[in-house]
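Comments concern the structure below.
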Amino acid sequence: MTNPFDDITAPDVDVIMLVGSNPEEAHPVLGTKIRRAVREGCKLIVVDPRKIDLAKNAEIHLQLKPGTNVAFANGMMHIILEEGLEDAEFIKSRTEGFEELREIVKDYTPEKVAEVCNIDAGELRKAARLYAKAKKAPIMYCLGVTEHSTGTEGVMSLSNLAMLVGKIGRSGCGINPIRGQNNVQGACDMGCLPGDFPGYQKVKNEDALKKFSEHWGVPLNPTVGITATRMPGAVAEGKVKALYIFGEDPMRTDPDIGHIKKMLTGLDFLVVQELFMTKTAELADVVLPGVSYAEKEGTFTNSERRVQRVRKAVELNLGMRPDVEIFYDIMNRLGYPQPRLSASEIMDEISELVPSFRGINYARLDAGESLHWPCMDEKDMGKAILHVGKFTRGLGYFYPAQYKPSAELPDEEYPFLMITGRMLYHYNAGAMTHRTEGISELHSSSYMEMHKGDAEALGIKNGDRVKVASRRGEIETRAVVGDKVNYGEVFMTFHFDDGNVNHLTNAAIDSFANVPEYKVCAVRIRRA
Amino acid sequence: MVTDSAIKTVTLTIDNKSCTVPKGTTILKAAQSIGIDIPTLCYMKELVPDGSCRICVVEIEGGRKGGLVPSCAEHCAEGMVVYTRSQRVVEARKFILDLLLSDHTLECFSCARNGSCKLQEYCLEYGVERTSFRIGKRTPFGKGDTSNRFFEFRPDKCIMCRRCAHVCEKLQGRDVLSIAGRGFDTHISTCYDIARTDPTCESCGNCVSACPTGALSSYDQKRNYRSYEVTSTQTTCPHCAVGCQFNLLTKNGKIVGADPVDGPTNKGLLCVKGKYGSYKFVHSGDRLTTPLIKKDGKFEPATWEEALGLIVNKLTQIKKKEGADAIAGFSCSRSTNEDNYMFQKMMRAAIGTNNVDNCARV
Ligand code: SF4
Ligand code: SF4
Ligand code: SF4
Ligand code: FES
């Protein structure tokens, strides 16, 4: 996120634009902040294929056809330029690449975009004016934007939109991806990426390679690694033989499970370090019992880049071991002399190697200081708002993006467009929440939302069991009939083992970021 | 807001101590700023004063209406002389507590909030052991709203401070709770008497955390612990990237509950996942406790020595035969920064590959 939560939901924010994001369910406490802002007069633009709860309070709800975010953003920019609502001064002094963008969005007339996105051209115009004319208007987006085969373009076109009207680098604005898992931000910051050392220092950069080699005392591999989403292919080709999975359950959270199972069983050796016997762990050669967040010291970095302490509340003494100690053992046994550092000492090593963490240490955090990275020294509280006065890369670059239809669209055989998302009571694969009575009672099985018109045509009633099939698999689930989704579209959440929607989803891959296409695939439906 | 009114200050004395505060400050806040504690029940610092419970009364020398005013709502004025514990203040507070007890089921012994109830605390402090009102209507004993799975509502313990309704409406933005009835029959109710369940009520438990008495209490607390038995450890919610702060409450080596903390993003609120879904899984009976090695398609328990030995042997073999890039690792975007750092260091420095990723993309 470029701006913190409180800043983008403050009383002086005029308009909030939510794109493919349902914070009331996925990030509930943020949802309360948005509800409060709206009550106090902030206007809301909801861009989402579903009638999410917040859409009721929205000034404008653009119920986009799933997978058409790029067309939507380009259409907004077209209108802004046509009506002269852009921030010319900002474009001139702070950005580059504007001319090319102007060329590209020329074609995206409101009428054309309305057709692609299945929305009303007048509403799109209204949204563009509302957003462009607001003094303070943040964009928030979520997996709904990134989980497409064209996800990266979706993100770029939103940032183009914000730059075009100068709504970045200042309070109450910005482009704000709301991260899914609690510490996705941190895992990326810490270098759990195939091309990046900690702090996004590139493996390809010779200076970075040298710096880390020297600091860690071994020559390092200069070849960029393979992303998780390309892993199935790499295993099938015999390039990768062994996989060490630390606390993830790809068997439940990855799209296209058949594909993943093939990968995991195609390995010579699979290690899984987990809290529970998950579907993935079942396929392992060795399973190592790790510990939960409540049994260790450490930090999480939230969506605002705020680094916060995790503290040990209990020790179970049942035989499991702190995850990092398992790593120490393996490292040393492999011949790498890794000293057994405490969590606080690891943070010291991080702040030595990562300039944007230089000012972060446990003494400060435990004294109650709240720190955002980049935090350059002991006195710095960190930058809560990014790109103020100057972009991190100098000038802000407009990355023009063209709309491309989703990789898989409905056809005669699979006539429905399926989208997936998250619901309030569960958290991704639900390993934590399924183990809480009460929560699992509230919602314990999968369901699929569909439009009442479609249901009627298929003779399906609310609550009926239905069979849903895609090109990759078939599942059975319960139909929830209503008008939350549009005609021809259906929605499922991905928390449940029974009727796991990931059996159906599509692993077509985003050409930039290797994000699997989660959101959209084509399915057919019949009564079970 | 930062106009001249905020710049101008007033000086007053509270309990004979002089105190200078910006104009517009309430007496309660002024007193707090010089370390004087005034009891409150309905007051919530995030919201405009409700001013209904009157337990926060103080005496202003020469003030109107005998000088007794609610300090949470009354602004400081130049030269004001305030007493927070004068004879009259104490008598007034005793009277208020006496009235509250006149319609309160006193069963502190078995109440979930025994030890963390403000009514109990103030009654002890002011020596009000039982009510002196012998006649009058009483809310029927024990009958409550048990429609929510995580907490119950007991109207016979409700003191009508309305904190729950304010939290639900103004902070949670949900309007589940409201005040219904008139006179004695006034009570906290759900709008249209719906159940405190999905979809309107999100079971966030923020009303429970705000309740000063045992009227709203979590079943986990009722059954498993009292506040004086637990140790609190402040930590960050493991569920989503909002990063709410809460205290994990432990008793005899077990986590029994979670209470919100006034963290930078959550400001004292939590959602159902943080409040009720963040600790039971830790003690779940199906936690893995020992390393397992698969032999002939079946897992067998192994020692750490065996398991780590096997891993290191296998990895070394594969690395020798196929090169380090034949090995890959997926890290955990739910685990800590420190774990993630060390995981990628293990992959890069000890194994020798950049094949390391997390599920950010997923
Ligand atoms: S649990 Fe939350 S939503 Fe439900 S009544 Fe209480 S405050 Fe309102
Ligand atoms: S239920 Fe609790 S918070 Fe609500 S009015 Fe009664 S005493 Fe106050
Ligand atoms: S309490 Fe809810 S909103 Fe807050 S971090 Fe946890 S899951 Fe997210
Ligand atoms: S705390 Fe002041 S009136 Fe209730």
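The values are calculated or read from the model by the stated rules, or taken from the named source; none is laboratory data. The model shown is predicted, which means the values in this text are computed figures rather than measured ones. Virtual Cβ from ideal backbone geometry, glycine too; neighbours counted across all protein chains shown. In case anyone asks, the SASA skips ligands and DNA or RNA and just uses the protein heavy atoms, side chains included. Shrake-Rupley method; radii C 1.70, N 1.55, O 1.52, S 1.80 Å.
Brief remarks on what is shown
- Every pair of residues 6+ apart whose Cβ atoms lie under 7 Å, when the first sits in the stretch B:28-50 and is within 14 Å of chain A (Cβ to nearest Cβ) while the second is more than 16 Å from ligand 2 (Cβ to nearest atom): B:E46/B:K267
- Single unsatisfied condition, A:E89 versus (1) in a strand (DSSP E or B); (2) over 25 Å from A:S406 (Cα atoms): (1)
- The set of residues from the stretch B:285-305 being touching a strand residue (DSSP E or B) at 6+ places or on another chain (Cβ under 9 Å) and farther than 25 Å from B:A349 by Cβ comprises B:D286, B:R287, B:L288, B:T289, B:T290, B:L292, B:I293, B:K294, B:F299, B:E300, B:P301, B:A302.
- Filtered residue count, the stretch B:289-324, keeping only those that are open to solvent by 20 Å² or more (accessible area, probe 1.4 Å), under 28 Å from B:N252 (Cα atoms) and in contact with a Phe, Trp or Tyr (Cβ under 9 Å, 6 or more places away or on another chain): 1
- Only strands (runs of 3 or more DSSP E) whose full extent lies in the stretch A:468-527 are considered here, and the ones with at least 1 residues that are open to solvent by 20 Å² or more (accessible area, probe 1.4 Å) and at pLDDT 85 or above are A:474-482, A:521-527.
- Every test in (1) at pLDDT 95 or above; (2) in contact with a Lys or Arg (Cβ under 8 Å, 6 or more places away or on another chain) is passed by A:W373 save one, and that test is (1).
- Looking across the stretch B:113-127, the residues that are more than 19 Å from the chain's Cα centre (by Cα), in a helix (DSSP H, G or I) and not aromatic (F, W, Y) come down to B:C123, B:L124, B:E125.
- Any hit, the stretch B:47-66, residues being within 16 Å of ligand 4 (Cβ to nearest atom), on the phi > 0 side of the Ramachandran plot and part of a helix (DSSP H, G or I): yes
- Some residue of the stretch A:298-311 being in contact with a Lys or Arg (Cβ under 9 Å, 6 or more places away or on another chain), open to solvent by 20 Å² or more (accessible area, probe 1.4 Å) and facing chain B (nearest Cβ under 7 Å): yes
- Residue in the stretch A:67-86 that is within 14 Å of another protein chain (Cβ to nearest Cβ) and not in a loop (DSSP other than H, G, I, E, B) present: no
- Looking only at the stretch A:312-341, and only at residues there that are in contact with a Gly (Cβ under 9 Å, 6 or more places away or on another chain) and more than 8 Å from chain B (Cβ to nearest Cβ), the one that is surrounded by the most Cβ atoms within 10 Å (Cβ to Cβ): A:P322
- When residues of the stretch A:159-186 are limited to those that are within 16 Å of ligand 3 (Cβ to nearest atom) and assigned to a helix (DSSP H, G or I), the one farthest from the chain's Cα centre (by Cα): A:G186
- Test: residue in the stretch B:290-304 that is within 16 Å of ligand 2 (Cβ to nearest atom) and facing chain A (nearest Cβ under 7 Å): no
- Look at (1) crowded, with 24+ Cβ neighbours inside 10 Å; (2) under 24 Å from A:H387 (Cα atoms); (3) at pLDDT below 95 and you find that A:T150 fails only one, number (2).
- Beta carbons closer than 7 Å, at least 6 apart along the sequence or on distinct chains, pair a first residue in the stretch A:29-53 that is within 13 Å of chain B (Cβ to nearest Cβ) with a second that is open to solvent by 50 Å² or more (accessible area, probe 1.4 Å) and assigned to a helix (DSSP H, G or I) for A:V38/A:N57; A:L44/A:N57.
- Residues that are within 18 Å of A:V105 (Cα to Cα) and either aliphatic (A, V, I, L, M) or touching an Asp or Glu at 6+ places or on another chain (Cβ under 7 Å) (or both), drawn from the stretch A:399-415: A:P400, A:A401
- Pair list, Cβ < 6 Å and 6+ apart or interchain, from the stretch B:305-334 residues that are at the interface with chain A (Cβ under 7 Å from one of its Cβ atoms) and among the basic types (K, R) to residues that are surrounded by 17 or more Cβ atoms within 10 Å (Cβ to Cβ) and in a strand (DSSP E or B): B:K314/A:F269; B:R334/A:Q181
- The combined condition, being within 16 Å of ligand 1 (Cβ to nearest atom) and assigned to a helix (DSSP H, G or I), is fulfilled by B:G274.
- If you go through the stretch B:325-362 and pick out every residue that is open to solvent by less than 20 Å² (accessible area, probe 1.4 Å), in a helix (DSSP H, G or I) and not polar (S, T, N, Q), you end up with 14.
- Count of residues meeting criterion [within 8 Å of chain B (Cβ to nearest Cβ) and farther than 13 Å from B:R348 by Cα] in the stretch A:187-225: 3
- From the options A:K92, A:K106, residue that is under 28 Å from A:R393 (Cβ atoms), in contact with a Phe, Trp or Tyr (Cβ under 9 Å, 6 or more places away or on another chain) and assigned by TED's automatic domain parsing to the domain that holds A:E40: A:K92
- With respect to the conditions (1) open to solvent by 50 Å² or more (accessible area, probe 1.4 Å); (2) touching a helix residue (DSSP H, G or I) at 6+ places or on another chain (Cβ under 9 Å), B:D262 lacks only one, and its number is (2).
- Qualifying residue in the stretch B:85-100 (condition: more than 14 Å from chain A (Cβ to nearest Cβ), open to solvent by 50 Å² or more (accessible area, probe 1.4 Å), touching a residue at least 40 places away in the same chain (Cβ under 8 Å) and away from ligand 1 (no atom under 16 Å from the Cβ)): yes
- Residue match in the stretch A:159-181 (condition: surrounded by 20 or more Cβ atoms within 10 Å (Cβ to Cβ) and without any contact (Cβ under 8 Å) to a residue 24 or more places away in the chain): yes
- Remark: B:A210 falls outside the filter, which requires a residue to be away from ligand 2 (no atom under 16 Å from the Cβ) and crowded, with 21+ Cβ neighbours inside 10 Å.
- Residues in the stretch B:37-63 that are surrounded by fewer than 19 Cβ atoms within 10 Å (Cβ to Cβ) and under 22 Å from B:S18 (Cα atoms) were compared, and the one that is farthest from ligand 3 (Cβ to nearest atom) is B:G62.
- Those strands (runs of 3 or more DSSP E) lying entirely in the stretch B:151-267 with at least 3 residues at pLDDT below 90: B:177-180, B:187-190
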